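The values are calculated or read from the model by the stated rules, or taken from the named source; none is laboratory data. Just so it is clear, the model here is predicted, and its values are computed rather than measured. Here the Cβ is made from the backbone with ideal geometry for all residues, glycine too, and neighbour counts use every protein chain on show.
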Amino acid sequence: LGDANANGEPDIIDYALGNDLGSPPILPGFTLQPDVLGGSDALLLTYPVSLGAERAKIEVLFSTDLATWQEGAPDLETVSMEPLGDGRALITCRVKPPLGDEPRVFMRLRVTGQ
């Protein structure tokens, strides 16, 4: 796979995440959102998408042991899709229980061309 901008990421990933649009790259990440009412904290996943990357598909995969990976879509609830004004949007998803209650959760994005 090519890496035209020499940033260490294959071009297909830069294309899908919009990190090839001249703006600073945004990395996917997790945050823990405390529940202000005393309930369970929410695990949030945030990642960028390029609004023009029609030929790329982004899938979220999860693991609790780094050996077995599962499709993440059934365990995610989209909280927001915030356009950033630079051709990208920031997707924020809540990781639903029981996966969100695991002591360790690993994530990876699978990007494929269509």
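Below are the figures for this structure:
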read-out	value
Checking Glu82 against (1) surrounded by 14 or more Cβ atoms within 10 Å (Cβ to Cβ); (2) charged (D, E, K, R); (3) modelled with pLDDT of 90 or more, the condition it does not meet	(1)
Complete set of residues in the range 51-74 that are surrounded by 14 or more Cβ atoms within 10 Å (Cβ to Cβ) and touching a residue at least 40 places away in the same chain (Cβ under 8 Å)	Ala56, Ile58, Val60, Leu61, Phe62, Ser63, Thr64
Failed condition for Thr46, given (1) touching a residue at least 60 places away in the same chain (Cβ under 8 Å); (2) in a strand (DSSP E or B)	(1)
Boolean, Leu17 is in contact with a Cys (Cβ under 8 Å, 6 or more places away or on another chain) and surrounded by 12 or more Cβ atoms within 10 Å (Cβ to Cβ)	no
Residue list for the range 97-114, restricted to those being of a type in the set (Lys, Arg) and either closer than 26 Å to Gly18 by Cβ or in contact with a strand residue (DSSP E or B) (Cβ under 8 Å, 6 or more places away or on another chain) (or both)	Arg108, Arg110
